[in-house]
1. Which residues, counting only those in segment 118-136, are within 15 Å of residue 30 (Cα to Cα) and over 17 Å from the mean Cα position of the chain (by Cα)?
2. When you check residue 31 against the structure, is it under 22 Å from the mean Cα position of the chain (by Cα), outside the structural domain of residue 126 (by TED's automatic domain parsing) and over 30 Å from residue 168 (Cα atoms), yes or no?
3. Please count how many residues of segment 23-40 are in contact (Cβ under 8 Å) with a residue 12 or more places away in the chain, surrounded by fewer than 16 Cβ atoms within 10 Å (Cβ to Cβ) and part of a helix (DSSP H, G or I).
4. Tally up the residues in segment 52-82 that are part of a loop (DSSP other than H, G, I, E, B) and among the basic types (Lys, Arg), please.
5. When you scan segment 83-180 for helices (runs of 4 or more DSSP H) that lie fully inside it, which ones turn up with 1 or more residues that are among the small types (Gly, Ala, Ser) and either without any contact (Cβ under 8 Å) to a residue 40 or more places away in the chain or within 22 Å of residue 4 (Cβ to Cβ) (or both)?
Amino acid sequence: MGSKTDMAILGMLTIEPMSGYEMKQFCEESLSHFWYETFGNLYPRLKQLTDEGLVKGRSEKRERGPDAIVYSLTSQGRARLRKWLIEPPDSENVRSEFMLKFFFGAQAPADVNEQRLIDYEEEQKRIRKRYQLIEQTLRDVLDGHKDEFYWLMSLRRGQLLNEARLRWCRECRTKFAELK
């Protein structure tokens, strides 16, 4: 069927033709609260998808920097994406180095753990602000767009998870204070 990276690429190309660089930016700006891709993963997959006839690339002149290859979805690629979309998803697998270190936190100095928690909470506050900006932008741009419901509800999931993480941080700070 193809890798999940393949499906992410095909999905992004339903929005508009994009270069690999633009796909990476889109991942960072729109998908990062639930999906991440690296350049090292995107470019080989784009070549493979091109070889399979699922996407096609064309060279495009850029005002700044080198020419870019802009990819678009073929009808075969759209059919592959649709087939994948109707299949049940795999279980979510979460890998958080922060939580792994927190779980084993008794093996580290308490002040290191407490500072790590403070840093994590600050990061979550920055994410909350970013989500607010994204939401406003989406509401301004997507009014009536076919993707509006799905994009806003995907963002909402990220917002609710962010709220839960911030609440967890507050509870942990309270418990740290009780431990002292």
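1. Hit for segment 118-136 is 136, nothing else.
2. Judged against the criteria, residue 31 is not a match.
3. 2
4. Total meeting the criteria: 3.
5. By residue number, 148-179.
Yes/no matrix, rows are residues, columns are (1) surrounded by 12 or more Cβ atoms within 10 Å (Cβ to Cβ); (2) under 30 Å from residue 15 (Cα atoms):
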site	(1), (2)
86	no, yes
114	yes, no
150	no, yes
164	no, no
168	yes, no
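The values are calculated or read from the model by the stated rules, or taken from the named source; none is laboratory data. Being a predicted model, the structure only gives us computed values, none of them experimental. Cβ sites come from the backbone with ideal geometry, for glycine too, and all protein chains shown count toward neighbours.
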